[in-house]
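Q: My structure is below; once you've seen it, I'll send some questions.
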Amino acid sequence: NNNNNNNNNDTNDIESECINDLHDRLSIRQFGFGQSNPTFLLTIAPKSIQSQSQSPSQPSLPPLATTKVTKLVLRKKPNQIAHKSAHALDREYHVLQCLHRHQSNTNNNNSHHRKIPVPKPFAYCTNNQILTDGAEFYLMEYIEGRIFIDPTLPGMTPHHRSLAYRDALDVLASIHSVPWESVGLEEYGRSGGYVTRQVRRLGMVAELQAKTIGPIEEDDAGGDVSFGEMVRRISEASRYCPDRVGLIHGDFKIDNLIFHPTLPKVVGVLDWELSTIGDPMCDLANLSMMYFMPGLDAGLGIAGLGDINLEGTGIPTRHKLLSTYCKYNPNIERDEVMVWKGFYLAFLFFKNCVILHGVAQRTKSGVASSAMAKKVASLLPTTVAMTKRMW
């Protein structure tokens, strides 16, 4: 027992020394994106040669690198959560695990399928004693590269923009082609009826939010059809939509991608919080929304292509974007996409109406940052109008 106690003391001393040493070498910086789930860069400076010296009486430790900087990403739940089902970090971590394992198996089998670039997940922590706010978090690989908030991809040549968009669509088609039932995602979501369930659920959420802040108002959105009637029509049409089934990202857009530092190539797909088993055409519509949103100059905190002349920029038109995706995903027919593109856009804009309505509700209850939330919530009338316009 005495020997065991001595060994435990030695281990505790080593752990304490390592923690103190790490504290001196660790720097933390919060990223500007990922506000739904706060995201941080952890940078661990190289361990100095002097600090590695050991006395003969100390237990032998494995050699540590002296020149390499270690970078990790920590992603955590926010301090306040409006809905229990929100901020599903555990689901995000699970899908990253499954995709990373799938990539390894694909590489070992010499498969020619496109690799889906996701950061390697390292550990998920539910212990509420680790972070000062007691939040759950996970650690993942840091991927070096460029993140563009602006879908015009500033700094790229027209040729590189064209290649970058093509690669993004290739990645999206590869996500939708993942054999989800055999990679550990067989219980990740229900197969079929995705849009119908989403419309019903979003309607319930909007009703709950209305109890705090009132119903979604149309303001000067205009049009002959009321917003309520528009939602009813979307719900009815959802019973007849193509209803394809596959793994979907849930928020696939340019600013959730990491591009290679110099090449027009996607090296990372981020923010899998909303991923599920659903209709791939929703992801395609989500990406297409940028063609109808104002650019950064509008000062609304978002960036779209709605007021930009695309000629000569290398950025594909919406029609070209949809056609190119269909070339990469032979399981979805081009004619089907073209017929239903308006419906899926109307659904996605409706979904965003409910999200923006929720931002306003959380601002009123003190959960959301008022400065940013007011700017984002100001998009609600425009989004209502867009929902009606897409039909």
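The values are calculated or read from the model by the stated rules, or taken from the named source; none is laboratory data. As the structure is a prediction and not an experimental result, all values here were calculated from the model. Glycine gets a Cβ as well: all are built from the backbone with ideal geometry, and neighbour counts include every protein chain shown. What goes into the accessible areas is simple: the full protein's heavy atoms, side chains included, and nothing from ligands, DNA or RNA. Shrake-Rupley method; radii C 1.70, N 1.55, O 1.52, S 1.80 Å.
Q: Select from segment 325-357 the residues that are among the polar types (S, T, N, Q) and surrounded by 18 or more Cβ atoms within 10 Å (Cβ to Cβ) and list them in ascending order. Steps first, answer last, please.
A: Within segment 325-357, the subset among the polar types (S, T, N, Q) is 329, 331, 352.
Hits for segment 325-357 are 329, 352.
Q: Among (1) of a type outside the set (S, T, N, Q); (2) in a loop (DSSP other than H, G, I, E, B); (3) open to solvent by 30 Å² or more (accessible area, probe 1.4 Å), there is one condition residue 297 misses while meeting the rest; what is its number?
A: Condition (2) is where residue 297 drops out.
Q: Continuing with this model, one more query. If residue 373 satisfies every condition in (1) loosely packed, with under 14 Cβ neighbours inside 10 Å; (2) at pLDDT below 85; (3) touching a helix residue (DSSP H, G or I) at 6+ places or on another chain (Cβ under 8 Å); (4) aliphatic (A, V, I, L, M) but one, which is the exception?
A: Unmet for residue 373, out of (1) loosely packed, with under 14 Cβ neighbours inside 10 Å; (2) at pLDDT below 85; (3) touching a helix residue (DSSP H, G or I) at 6+ places or on another chain (Cβ under 8 Å); (4) aliphatic (A, V, I, L, M): (1).
Q: So is residue 283 open to solvent by less than 60 Å² (accessible area, probe 1.4 Å), touching a residue at least 24 places away in the same chain (Cβ under 8 Å) and closer than 15 Å to residue 352 by Cα or not? Step through it out loud before you land on a result.
A: Working: open to solvent by less than 60 Å² (accessible area, probe 1.4 Å): yes; touching a residue at least 24 places away in the same chain (Cβ under 8 Å): yes; closer than 15 Å to residue 352 by Cα: yes.
Yes: the conditions hold for residue 283.
Q: If I go through segment 255-277 residue by residue, how many of them are open to solvent by 10 Å² or more (accessible area, probe 1.4 Å) and in a loop (DSSP other than H, G, I, E, B)?
A: 10
Q: Search segment 327-370 for residues being closer than 23 Å to residue 32 by Cα, not hydroxyl-bearing (Ser, Thr, Tyr) and not in a helix (DSSP H, G or I), and hand back the single one that is modelled with the lowest pLDDT.
A: Step by step, filter segment 327-370, then rank; the result is 368.
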